[in-house]
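Have a look at the structure below, then the notes.
The values are calculated or read from the model by the stated rules, or taken from the named source; none is laboratory data. Quick caveat: nothing in here was measured; it's all calculated off a predicted structure. All Cβ positions, glycine included, derive from the backbone under ideal geometry; neighbour counts span all protein chains shown. In case anyone asks, the SASA skips ligands and DNA or RNA and just uses the protein heavy atoms, side chains included. Shrake-Rupley method; radii C 1.70, N 1.55, O 1.52, S 1.80 Å.
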Amino acid sequence: MRARLGAEAEAFLAALSQPSRTALRLHPEKGRALFPEAERVVWHPLGRLLAERPDFEQEPFWHAGAYYVQEASGMSLRVFVPERRPLRVIDLSAAPGGKATLLLGELGWEGGLLIANDPDPRRRTALKENLARWGIPAYLVTGRHPAWWAERFPGLFDVVVLDAPCSGEGLWRKDPRAACQWHPDLSTRMARLQRSLLHAAKALVAPGGVLLYSTCTFAPAENEENILAVIAADPAWEAVLWPGELPSAVVPTEGPAVGYYFYPHRGPGEGFFVSAWRRREGALARAKRKVPTGEFPRAGKVPIPLPEGLIAIERGESLQGLMEGAAALVPAPLWKEAWEAHPLWEHSRPAQAAALLSRPLVGFPERALPREAFPAYLAGQPFPAQAPYERVTIEGASVGWLYKGRPSLPFTWKRFLRHR
Ligand code: SAM
């Protein structure tokens, strides 16, 4: 880093012993008015930098999904998202959901469909909770390896995000575990894995579509060297440059500018690298798709005959959803997450996720509780019921339900109980 940064190296090293800044991204519908005094993140209109770190798990607005706590550098992905809608988007390594919620914020309810994919089942639990809390149901969660997607759906997506697993050098001050696990071999191993993931990610991009590659590390082998080896030399691809003037925190790679570095001494965020590429129009003939969509996949063991143009999303043996173009035909996550049933209950009931939708379900009375009542609500203490199902709001933010006066437990609490 001394060789790379020269005179700036001391400032860089000093920044590593400073605490990281607490940053969050406001929800475009639920959170716009929050933290009006906070400093802005220049590359995201809803990014805010806080002077102090609140105890988020006690905050009703956090439970309501009115914001997502995310370090500032990662919010920069937004500048590369195309403006046209609808978009088919896949986030190949999405957990716990920082980039995925950012992308959903860009899409909104009618702007397309996001596949939020991550092969790690434990991390997918957090991903599902964070997406449900965000409350924009235009997504499907899957747990495949990127190569699985690339084999079946080459050239399908308008935006492919690979926020790759990496050696984590940019996270040392935020997460000391990242420093403890570092080893020169780690970077070499990661670079090899990332290269294979990049090949899969590249195959998924439609003509005119965009590939966004990012890591939280400073190692060139995991960043520009991967990009140069897999994409930059391919004439079917062109670099997408940062639109407008570069903020002072953002530094293009040396030599050919194939990506941008974020350094902790220059800006409010952690170490980060991002690179954006567009597949030129006509660069991939649609006919090149290997798998005719009609043959794929199956629910139970019975193949579903799908008309040409329909895409099915499966997990294990079960069908998770269908999409045509960018429109979800079976909004599986919405129905699965919005209602819950149990053989012992008389009726199915609206689920926690339904209270968190950014456009609340109609037909249920709202119960406004004062902020002072939130700790009791969080602790699961009953309230006198005024209706069978009441949607609870605190200062206008929807946080959950009262089922005959009993609070629905926020996700984190459910997880806590499960782990016990
Ligand atoms: N995009 C996430 C966000 O913004 O919150 C962070 C992603 S994290 C840097 C990297 C992710 O890659 C992890 O969640 C990990 O489970 C996932 N991962 C690990 N191996 C993978 C693989 N072979 N293919 C795809 N994803 C992988």
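Side notes on the structure shown:
- Dmax and Rg, reported as Rg then Dmax, of region 1-89 (C-alpha, Å): 16.3, 47
- Amide H contacts of LEU409 (H built 1.01 Å from N, under 5 Å, at least 5 apart or other chain): none
- For region 167-180, putting each phi into the Karplus relation 6.51 cos²θ - 1.76 cosθ + 1.60 with θ = phi - 60° gives couplings of 6, x, 4, x, 10, 4, 7, 7, 9, x, 4, 4, 6, 5 Hz, in residue order, rounded to whole numbers and with x for Gly and Pro.
- HN-Hα J in Hz across region 199-211 - Karplus 6.51, -1.76, 1.60, θ = phi - 60°, x for Gly and Pro: 4, 5, 4, 4, 5, 7, 7, 6, x, x, x, 10, 10
- By accessible area with a 1.4 Å probe, ligands and nucleic acids excluded, highest first: order of ARG371, ARG173: ARG371, ARG173
- Estimated inter-spin distance, TRP182 and SER196, nm [label 7 Å along Cα→Cβ]: 2.6
- Sites listed here are trypsin sites (Lys or Arg not before Pro) in region 52-92 whose DSSP assignment is loop and whose Cβ has at most 16 other Cβ atoms within 10 Å: ARG84.
- Residues HIS27, HIS199 ordered from highest to lowest accessible area at a 1.4 Å probe: HIS199, HIS27.
- Evaluating 6.51 cos²θ - 1.76 cosθ + 1.60 at θ = phi - 60° for every residue in region 10-15, the Karplus couplings come out as 5, 5, 4, 5, 5, 4 Hz, glycine and proline recorded as x.
- Legend: residue pairs LYS30/LYS202; LYS128/LYS174; LYS99/LYS404, Cα-Cα distance threshold 32 Å; pairs beyond threshold, LYS30/LYS202; LYS99/LYS404.
- Averaging Cα coordinates gives a centre for region 67-115 and one for region 193-241; these two points are 18 Å apart.
- In loop segments of region 197-286 as defined by DSSP, the GluC sites (Glu not before Pro) with at most 12 further C-beta atoms inside 10 Å of their C-beta are GLU245, GLU254, GLU281.
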